[in-house]
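The values are calculated or read from the model by the stated rules, or taken from the named source; none is laboratory data. None of these values were measured; they are calculated from a predicted model. Neighbour counts run over all protein chains shown; Cβ positions are idealised from the backbone, glycine included.
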Amino acid sequence: MKKGQRIALFSTLLIFALALLKAFVGHQFNSPLLVADAWHSGSDILINLSSLVGLKFASKKKSNKFPYGLYRAETIACLLIGALIFFIGTELFKEGWHKLFLMDAQDGFPIFPIGASVVSCIVATVLAVKQRAVGKAIGSQALLATAKEAFFDIFTSLFVLVGILCVYAQVPYVEGGIIVIIAVLILKLGIETAWKSIMVLMDADMDTDLKMEIEGKLRQLQGVTGVEDVKIRQSGPFKIVNCIIKTTPSLILYKSHELADIAENMLLLEYQTIESVFIHVEPEKERLKKVVIPVHDKNGLDSRLHPQFGRAPYFIMLNLSQGGVEIDSYLDNAFLDKKGHVGLNVVKSMIEYKIHLLFVSSIGEISFHYLKNNFVDIVNVDGEMTVKEIVSLYTANKLHPITKPDLSKRNF
């Protein structure tokens, strides 16, 4: 915000000095075109003042009266900028149309008006580059809008320079025709700037690509089974995000809040232009569950449960849904020859597959807490049952979750 205010104030002072220079030279050396360009620069002063005022309000701290801040003051300023640009375009169009049929006589070579136009081109180039860089850095609509206007000022000054030479050479229509073309481009810019501001104030969906990107990042989080209703509200230079994330229905309340905090902090760290994130967590009612069961062998649904989770030679991975069960793949236990924390190493390798459910007869303390911290449900199964029997009992709600680890198996 401070950067935006500084560049807006600097631009205002510099354009004001430039407008005085062009007005003085144009008046002293009988160059009505340069005087008109000075009025054009004077209009830019109002635009920069609007940007400065908007950024000043937007930088104020939140209060009880304005709990969401005054960020939209910058958007209102941007709307005003669009209206002013439109006004400049209409006035310039009128002047260009008038000059199509009027030629100004010149007494001598206009060296000072040409010099003023060259200085105007250089100053406009420096300002445009600086305003665009700062506007992108802080996400300021107003500064980006004034940067576009400054880029137009470069061409305006160049065309004014050409017009001055054409007037000296007594070439008809060129001066007025160039000004009319510039006026049309400025009118287009004014309409686009004002329209975008109106859309922002009406909370229109302005950034579909960012919405899809946010949805994709949220889906990658462990514990998130779905993302819905992502909404992005533009508020001045910042964005406010609202969305719903789905998770397992068995997740306890404090873990749901923890998952929401993880998601919110991730987005705030990833995107500097996002000021606030509001995430609502809901249980997933109907979804595909990725299930893991430690087994003795690779015998499909007839594979039998292995009683020791960390020492099972294989793990069968299933996709479980209301439509039934299907085998996804088998995982070989690559840690059988290890001595310590075998179960934890197995769990870490499984987490990468974003599993939702684990069936075991018992599980050690470290593995238990690691699974729970990654939002994996653990269900207790006794005996040497087959995978088919386990799934049948689970779908009939005859199995119960493991709520505490087996302290005798700290490493498994």
| Unique residue being more than 21 Å from THR225 (Cβ to Cβ), acidic (Asp, Glu) and out of contact with any Lys or Arg (no Cβ under 9 Å at 6 or more places or on another chain) when the list is ASP261, ASP337, ASP302, ASP297 | ASP337
| said: Every residue in the range 182-210 that is among the β-branched types (Val, Ile, Thr) and touching a residue at least 24 places away in the same chain (Cβ under 8 Å), please. | reply: ILE182, VAL184, ILE186, ILE191, THR193, ILE198, VAL200
| query | Any idea how many residues of the range 324-340 are outside any strand (DSSP E or B) and acidic (Asp, Glu)? | reply | 1
| request: Look through HIS369, HIS341 and report the one residue that is surrounded by fewer than 17 Cβ atoms within 10 Å (Cβ to Cβ) and over 19 Å from ALA396 (Cα atoms). | output: HIS369
| request: Check off (1) closer than 15 Å to ASP406 by Cα; (2) assigned to a helix (DSSP H, G or I); (3) without any contact (Cβ under 8 Å) to a residue 40 or more places away in the chain; (4) not acidic (Asp, Glu) for GLY343 and give me the number that stays unchecked. | output: (3)
| message | If I filter the range 231-259 down to residues being modelled with pLDDT of 90 or more and surrounded by fewer than 18 Cβ atoms within 10 Å (Cβ to Cβ), which single residue comes out as nearest to MET199 (Cα to Cα)? | response | LYS231
| task | Among residues belonging to the range 346-367 that are of a type outside the set (D, E, K, R) and assigned to a loop (DSSP other than H, G, I, E, B), point out the one that is farthest from VAL379 (Cα to Cα). | result | TYR353
| Does at least one position in the range 141-163 carry a residue that is under 18 Å from the mean Cα position of the chain (by Cα) and modelled with pLDDT of 80 or more? | no
| query | Quick check, is SER349 in contact (Cβ under 8 Å) with a residue 24 or more places away in the chain and touching a strand residue (DSSP E or B) at 6+ places or on another chain (Cβ under 8 Å)? | reply | no
